[in-house]
Amino acid sequence: MNAPPTTDSVHSGTDAVVHWLTNGTHDQRFIDNIFAEMCIRLQQAGIPLKRSTLHVLIQHPQWLGARFMWADGMREAEISRVDFDVRERSEYIGSPANEMQDGATEVRENLERDPSLGRQHAVYDEMRAKGLTDYVAWPLYHTLGKRHLVTFATDRPGGFDAADIAGLKSLLPVLALVSEIRVKNRLARTLLETYVGSHAGELILAGATRRGTGTTVRAAIMICDLREFTKISDNWPRDDVIDLLNDYFDAMSEPIARHGGEILKFIGDGLLAIFPLSEPNACANLLHAVTEARQAMVALNERNNGTGRAPLNYGIGVHVGDVMYGNIGSKARLDFTVIGPAVNMASRLEALTKQLGRPVLLSRAFADLVKGDFDLERVGEYDVRGFSEPIELFAHRG
């Protein structure tokens, strides 16, 4: 039978893990992969680690944070997202995360003793049921006092010894630095995806930040606008207007994202989206998105009717053509967007939907690319402001 590791050997092993965290993770982009490998290396260093979690708060429009969980035998960490309302739920109240956010600097629980003598929370019962004997949690401090959380648990009889605890504690400063870098990298990506879209975000992260830089992209363009928004915003309470806009944008945006489109901007009560023709089915995907968005608007209006709100009307203009895709703006404030005559045409068609009483109008150029697969109705030829020749328009029956 192998003798247990001595204090010196455990320190030597964890020192190697600290060295790896400091010098061997430069090329690793994701904290979950680093975390899983760290746990495996800790086992190899003689720490009797059976389970570990890393909890981080993130700035995201949908999620409060994320949890990375590793257990013995796993090669990758399991990632779960944490809802904003978690702090009102039993899974959080009284948990180690709750204690940390309230200022605790360590949570240590002997899971071998009588449960009635220890902390009362479901997480401890779950760990006992899995045969774990000892649990410790510490805060990870990021810049400006932001506190995150890392936990370690073992199933060794008697739990972690003093050398194990000292070795694990020695990791914390380096793990905090390594995790903060990756969390902030992920934060930068998330914020760019949230505010400019995934494709534009990738270009910006790759260095496309100089004013005037851009590329020519052939794309299907969709512009949508809400009708009578000025009247609504003048007469409705502010919070109701915000809720209305969010519901409307959800109805329009989710189908666009689902079908591969990219929303470049929200303009008051309108939106601009493109479907690059580098995707062979881009035009069909755009019309599928429009069909689903219209269905979502019907459902939204039915819900609003139940609360006494008037139905929301909208117009969608669709065109296809070359656009300049890149950075435009002042020296200090840039916008990553698309411009060009094709964008102007889509905007003019959206404006014509009100005049012609059609919620969706398509240009002939776009209709020619999809008319064999969709039920389109020819509306006629109309003068379009800013263009010398009348434009043949089609309506989408979907």
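The values are calculated or read from the model by the stated rules, or taken from the named source; none is laboratory data. This structure is a prediction, so every number in the text was calculated from the model and none was measured. Here Cβ is always computed from backbone atoms with ideal geometry, including for glycine, and neighbour counts include all displayed protein chains. Protein only, heavy atoms only, side chains kept; ligands, DNA and RNA dropped before computing areas. Shrake-Rupley method; radii C 1.70, N 1.55, O 1.52, S 1.80 Å.
In the range 301-346, the ratio of gyration radius to Kirkwood radius, Rg to Rh, stands at 1.28 when only Cα atoms are counted. Taking Cα atoms, how many degrees apart are the long axis of helix 341-356 and the longest axis of the chain, rounded to 10 and kept between 0 and 90? The two axes meet at around 70 degrees.
The range 287-319 and the range 320-386 have Cα centres spaced 20 Å apart. For the range 270-398, the equivalent ellipsoid derived from the Cα gyration tensor has semi-axes of 25, 21, 16 Å, listed largest first.
For every helix of n ≥ 4 consecutive DSSP H residues, a contribution of -39,500 (n - 2.57) applies; sum these over the chain, divide by its total residues, and give [θ] at 222 nm rounded to the nearest 500 deg cm²/dmol. Using -39500 (n - 2.57) per qualifying helix, the result is -13500 deg cm²/dmol. When the alpha-carbon atoms of the range 19-94 are used, the pair Rg, Dmax equals 14.4, 41 angstrom. When a 1.4 Å probe is rolled over the protein heavy atoms, the share of accessible surface on the chain that falls to carbon and sulfur comes to 50 percent. Extension gain for the segment ARG113 to SER80, taken as residue separation times 0.36 nm less the Cα-Cα distance, is 8.9 nm to one decimal.
In the chain, the longest principal axis of the Cα atoms and the axis of helix 31-44 are about 20 degrees apart.
Axis of helix 7-23 versus longest Cα principal axis of the chain: the two differ by about 20°, to the nearest ten degrees. For the range 85-130, the square roots of the Cα gyration tensor eigenvalues, ordered a ≥ b ≥ c, give a/c of at least 1.5 with a/b no greater than b/c, which places it in the oblate category. Computed over the chain, the percent of Cα pairs more than 40 Å apart is 38. Coupling constants for the range 83-97 follow from the phi torsions by the Karplus curve (6.51 cos²θ - 1.76 cosθ + 1.60, θ = phi - 60°), and in residue order they are 6, 4, 8, 4, 5, 9, 10, 5, 5, 9, 4, x, 7, x, 4 Hz; glycine and proline get x.
Let me check against my output: what whole-number percent is the relative contact order of the chain, with C-alpha pairs under 8 Å and at least 6 apart? Across the chain, relative contact order equals 12 percent. Within the range 79-121, the trypsin sites (Lys or Arg not before Pro) that combine a DSSP coil assignment with at most 12 other C-beta atoms in a 10 angstrom radius are ARG89, ARG113. Computed about the Cα centre, the dipole magnitude for the range 245-331 is approximately 180 debye when only Lys and Arg (+1) and Asp and Glu (-1) carry charge, each at its Cβ.
Here the range 66-111 has an Rg and Dmax of 12.8, 33 Å, counting Cα atoms alone.
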